[in-house]
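> Below are the structure tokens for one structure; questions will follow.
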Amino acid sequence: MKNILEEFGINAGKIWATLNSQGPLTEAKLMQTTRLSEHEFYSAIGWLARENKIYKDGMMYKLGQTNLTNKIGTDAGKIWNVLSLQKEVDISSVAPLAQMDQRDAYSALGWLARENKIAPKLIPRARATQIKIALK
């Protein structure tokens, strides 16, 4: 099984390659073309924003110096604060604890992953693997 942080980076590469070859795309078209789930998509957007490689112009995403730093960077700070207090949190609990929606939480997690500030832990369960997130 791949490390979840590696997957964030691989998915960011898929988005970058798609935008590089096809030019600006809407969120829906970009998700459809890359075949990424919503969580995979938003974590990759956060990763690319931290790398200063993605720009959102209205409904379109394109490559370029990011304009997402204020939103995603601020949200990453909120999640960092939650993890600092809670020590370890189930990934599905991050958004409610940080008082943000899931999309914003996954973008912020992608940002923190790119900064190498979070450590995921996979916990096998009978029905599904649980993912816990902590600060490094």
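Every read-out reported here was derived from the displayed coordinates using simple, explicitly stated rules and does not represent laboratory data. Source: prediction; values computed, not measured. Neighbour counts are summed over all protein chains in view; Cβ atoms, including those assigned to glycine, are modelled from backbone coordinates with ideal geometry.
> Would you be able to tell me the number of residues in segment 4-34 that are surrounded by fewer than 17 Cβ atoms within 10 Å (Cβ to Cβ), more than 24 Å from I118 (Cβ to Cβ) and of a type in the set (A, V, I, L, M, F, W, C)?
Going through segment 4-34 one residue at a time, the tally reaches 2.
> Now a separate question. What pairs come up if the first residue lies in segment 51-65 and is in contact (Cβ under 8 Å) with a residue 40 or more places away in the chain, the second is part of a strand (DSSP E or B) and exposed (fewer than 15 other Cβ atoms within 10 Å of the Cβ), and their beta carbons are under 9 Å apart, counting only those six or more places apart or on different chains?
Pairs found: Y61/T26.
> Name the residue, out of I72, I45, I131, that is buried (at least 19 other Cβ atoms within 10 Å of the Cβ), in contact (Cβ under 8 Å) with a residue 60 or more places away in the chain and either touching a Phe, Trp or Tyr at 6+ places or on another chain (Cβ under 8 Å) or in a strand (DSSP E or B) (or both).
Residue meeting the stated conditions: I45.
Each row is one residue, and each column tells you yes or no for (1) in a strand (DSSP E or B); (2) in contact with a strand residue (DSSP E or B) (Cβ under 9 Å, 6 or more places away or on another chain).
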residue: G9; (1), (2): no, no
residue: L19; (1), (2): no, yes
residue: A28; (1), (2): no, no
residue: T33; (1), (2): no, yes
residue: Y55; (1), (2): yes, yes
residue: A76; (1), (2): no, no
residue: V82; (1), (2): no, yes
residue: L85; (1), (2): no, no
